[in-house]
Amino acid sequence: MARRAPDALKEVIRDFRRDQIIHTARCLFGERETTEVSMDEIATRAGVARSTVYVYFATRDELLQACVQSMYDTIKDTVVEMFEDSAPPMDRLRAVIQGVLDRVDENPAFFRVAMATQGATTAAGSAAVGGALMMIGLDMMRLLDDVVTAGQDAGIFRADLDKDRAVVLIGQQIFGALSVRAGEPSSVPAEVASDEICRFVLHGLGR
């Protein structure tokens, strides 16, 4: 028992340093709007030795993947906290959209870099980022599938809608809104923007 406390403390310190390096790298990638930031500079900004960075990440591509994964985990945790299975379908949709907007608003520049990185870095880096972004998309699709099913059951969405197609179209609307918001940061609060998107999904351009 006496040895467990020091081991637990070491684990906490390791996790803290790793998270610190990821946070620093994400900030630098966003500030420069490029992934062309040296590991030396990341180490200096994080206040650790260069060798410490390489303890956790063998390459910059690996660190970039960790940055995107961290963004994904934060988005997922936020959406899960806001998403209630018992809530009305439109409230659930609003929670998904607002949760994603809130997290992207924290560092829109990094989101832009992550999107641009697909196909713009080494094959390994592009695949790593693309894989993490794909996981975000799949989680969104699962949540939207639940929303559309509940909306049809409640009579809010048309019963003759092709559910799979509806999920894809809603996902495209959200992704487009994210891309625009990240590219042109808006003064409109995330909750207002999510309401606007929900109204458009529900009513379109009809009166």
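Each reported figure results from applying straightforward, stated rules to the coordinates on display, with no laboratory input. Keep in mind that this is a model prediction, so the values were computed, not measured. Quick reminder, even Gly has a Cβ in these numbers, built from the backbone with ideal geometry, and neighbours come from all protein chains shown.
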Response to the item:
Least to most buried among 169, 138, 64, by other C-beta atoms within 10 Å and fewest first, runs 138, 169, 64
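Please compute the alpha carbon radius of gyration of the chain, then divide it by the globular-protein estimate 2.2 N^0.38 Å. Two decimals is fine. Before the final figure, lay out the partial values.
Values: Rg = 19.8 Å, N = 207, 2.2 N^0.38 = 16.7 Å.
Output field value: 1.19.
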Worksheet, complete the sentence: Residue-ordered couplings for region 62-75, obtained by feeding phi - 60° into the Karplus form 6.51 cos²θ - 1.76 cosθ + 1.60 and rounding to whole Hz (Gly and Pro as x), are 5, 5, 4, 4, 5, 5, 5, 4, 5, 4, 4, 4, 5, 4
Worksheet entry | Percent of alpha-carbon pairs separated by more than 17 Å within region 16-71 | 20 percent
Worksheet item: Which of the listed residues, 69, 104, 147, is farthest toward the dipole's positive end in region 4-203, when Lys, Arg count +1 and Asp, Glu count -1 at the beta-carbon?
Response: 69
Discussion item. Quick check: Cα centre of region 64-116 to Cα centre of region 166-188, how many Å?
Written reply: 12 Å
